[in-house]
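No lab work stands behind these numbers, since they all come straight from the coordinates. In this text the structure is predicted, and so the values were computed from the model without any measurement. Methodologically, a virtual Cβ is constructed for each residue, glycine included, from the backbone with ideal geometry; neighbour enumeration extends over all protein chains shown.
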Amino acid sequence: MMKEISIPIEVSARHIHLTQEDINALFGEGYELKKLKDLSQADDFAAEETVDVEINGREIKGIRIVGAPREYTQLELTASDAYYFKTEVPLRLSGNIEGTLEMKIKGKEEIVKEEGAIIAKRHLHISPQEAEEYGLKNEEEISIQCGEERKTTFHKVVVRVKEGFKLAFHIDIDEANTAGIKNTGEGKMV
Ligand SMILES: [Zn+2]
């Protein structure tokens, strides 16, 4: 029996994660991102810095960098952004960027990445302790119902279990709009 729990919803705007190597190439050797505000998971933070990104000859300006630096450079877009770029953007679990879309990133300097642009699969962050308590396994897919006037059930929500994760259902702005959710909300497993 799955225990009924209230799940905090967090809405992600388009953003980019960068390796330190790419930060160096974009902003100068040894450059350190400046923290604008902490985000809910582990040491994630919104940086003051933004970049412009060009895909398929079209550009979106002012894309927020999310630190700390990662092992891979990954741009997380919405399906609406893909429509703007007039191209298909693969739907992937964060971190799984092999064979994804090429992009040009512009900071002080410009770099071209052969892959890294994705639409992130909706996912649930949860600690190993809570996962055990609620009977959830890493990478299992669940359904979460949320919203009021535009009540929606999201299926194929990927469970991500990791030490230090705080319980949160992460969706992008397109998904949030579908369910009539502004910045935060509550959902429940169904
Ligand atoms: Zn997340």
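Among E71, E49, E115, the largest mean-square fluctuation in a Gaussian network model of the chain, built with springs joining Cα atoms closer than 10 Å, belongs to E71. Using the Karplus relation 6.51 cos²θ - 1.76 cosθ + 1.60 with θ = phi - 60°, the per-residue 3J(HN,Hα) values for the range 23-32 come to 4, 4, 5, 7, 10, x, 4, x, 5, 10 Hz, with x marking Gly and Pro. A full extension of the chain between Q145 and Q129 corresponds to an added length of 3.5 nm, given 0.36 nm per residue minus the alpha carbon distance.
Database remark: amide H of L77 closer than 5 angstrom to the amide H of I118, I119, A120 (H placed geometrically; neighbours at sequence offset of 5 or more, or on other chains; Pro and chain starts carry no H). Annotation for the range 86-135: trypsin sites (Lys or Arg not before Pro) lying in DSSP loop with at most 15 further Cβ atoms inside 10 Å of their Cβ are K86, K108. Put in line by how crowded their Cβ is, counting other Cβ atoms within 10 Å and starting with the fewest, L91, L124, L33 read L91, L33, L124. Compute the Cα gyration tensor for the range 106-190, then decide on rounded, prolate or oblate, letting a ≥ b ≥ c be the square roots of its eigenvalues: rounded whenever a/c is under 1.5, prolate when a/b is larger than b/c in the other cases, and oblate in all that remain. Taking the square roots of the gyration eigenvalues as a ≥ b ≥ c, the range 106-190 is oblate. Among E76, E54, E133, the largest mean-square fluctuation in a Gaussian network model of the chain (Cα springs under 10 Å) belongs to E133. Neighbours of I144 by Cβ distance under 9 Å: Lys/Arg scored +1, Asp/Glu scored -1, total +2.
Normalising the average separation of contacting C-alpha pairs (under 8 angstrom, six or more residues apart) by the number of residues puts the relative contact order of the chain at 27 percent. The residue list V53, L26, A82 was ranked by how far each Cα lies along the charge dipole of the range 1-118 toward its positive end, using unit charges on Cβ atoms, and A82 comes out on top. The magnitude of the dipole of the chain, with charges of +1 and -1 set on the Cβ of Lys/Arg and Asp/Glu and taken from the Cα centre, is near 540 debye. Here the range 98-120 and the range 1-60 have alpha carbon centers that stand 14 Å from each other. Using θ = phi - 60° in the Karplus curve 6.51 cos²θ - 1.76 cosθ + 1.60, the 3J(HN,Hα) couplings for the range 56-62 round to 6, x, 10, 10, 10, 9, x Hz; x is entered for Gly and Pro. Legend: ranking of residues D81, D44 from fewest to most surrounding C-beta atoms inside 10 Å; resulting order D44, D81.
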